[in-house]
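Here the structure comes first, spelled out in structure tokens, and everything after it is commentary.
None of the figures in this text is laboratory data; all of them are computed from the coordinates on show. Just so you know, these numbers come straight off a predicted model, no measurement behind them. Positions of Cβ are generated from backbone atoms using ideal geometry, with glycine treated the same way; all protein chains shown enter the neighbour counts.
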Amino acid sequence: MRDASRSRVVLGVLLTACVVLLVLDARGGGDPVTKGARTAGAAVFGPVSAAVTTVTGPVSDTYRAALAAPGAREEIEDLKARNSELTRQIGAQERDEGRSGELERLLNLSGLGGYEIVGANAVTHLTPQGYADTVTLDVGTRDGVRRDQTVVNGDGLVGRVVRAGTDTSTVLLLTDGASTVGARLEGSEEIGTISGASRSIAETAPLRFELLDASAKVGKGERIVTLGSHGGAPFVPGVPVGTVEKVEDTPGALSRTAQVAPVVDVSALDIVGVVVAGPKEDPRDAVLPPKPGDPKEKDGKEKAGKKQTAAEKKAAADRKKASEEDAPAEDGPAADAESDRPRDPDGSGEDR
């Protein structure tokens, strides 16, 4: 009871103080008494007013945002849709550029080796055991594809065709444990066999190169190409296979072995080519790209630069010739009068 009476007293005092302050503030003027009272009131109630504004501000902002919410939501959804479309277009353009580069490299490889190819798209398939030993191509016998044909991409050897249907064909990858390819060291007559060692998707085991001559010299960084099969099946000659990573020392062995990194990433195959006709002659090492710092690479760049310079000069000459042909002939009264003036036939130098 006492607490309730005390609360009523406090409330009454506060209300009386508010009324007094309102009266004093309404009077205005320069009265020092009223001015001091207003200053004291501002000092006391100013922080309270600021606190109330801080608390109620977000509520009012939320209310105003709620009023504009339908239009804002539509605009946000529209911006999201446009952003998704732009992202899709950029992704498609990047994929097209990547595929264009792959196709260009594939055509360059087939041209250097003299291989006649049929282009195809590759899709990796998994066996029930989780192996990634084959890929399926979207070309088949109706496109000229047959069993035991070489499959390449712009970097080198992919594998060989093991089954050919009417519209599709199956390729055994170079890296598979069941794959074996006759191979040769770059710039030499040392030959051997390349065997795959991968059994599952997660496994990235290097290829195994076994040289027939145990005393043959081989070092890290040396490159390997296909030796070529009889009649070009299943492998045509000269296709890049890989680079020696490590030479294994096996004293007393009848052959020498090395670990080889394949030039083709079989986990990211897209555009490939099936070799439907082999070269007329062995291209040897012509298909291999120049090594960094190789004089052949420098000569190739210089030749490309010279060709570009010659083309630019020819284009400039053609532009100059065209501008001369398009320039109007000099004419006018003075020119006509000059052409109509008779010349001295006797060579005296005076006009008649």
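Only Cα pairs under 8 Å and at least 6 apart count here; give the relative contact order of region 116-279 as a rounded whole percent. Write down the numbers at each step before the final one.
Values: 439 pairs, mean separation 43.1, N = 164.
Relative contact order comes out at 26 percent.
Hey, rough spin-label estimate for residue 107 and residue 13, points 7 angstrom out along Cα→Cβ, what's it come to in nanometres?
Result for the modelled spin labels: 9.6 nm.
So how do 224, 194 line up by other beta-carbon neighbours within 10 Å, fewest first? Don't jump to the answer; show the numbers that get you there.
Working: 224 30, 194 25.
Ascending number of Cβ neighbours within 10 Å: 194, 224.
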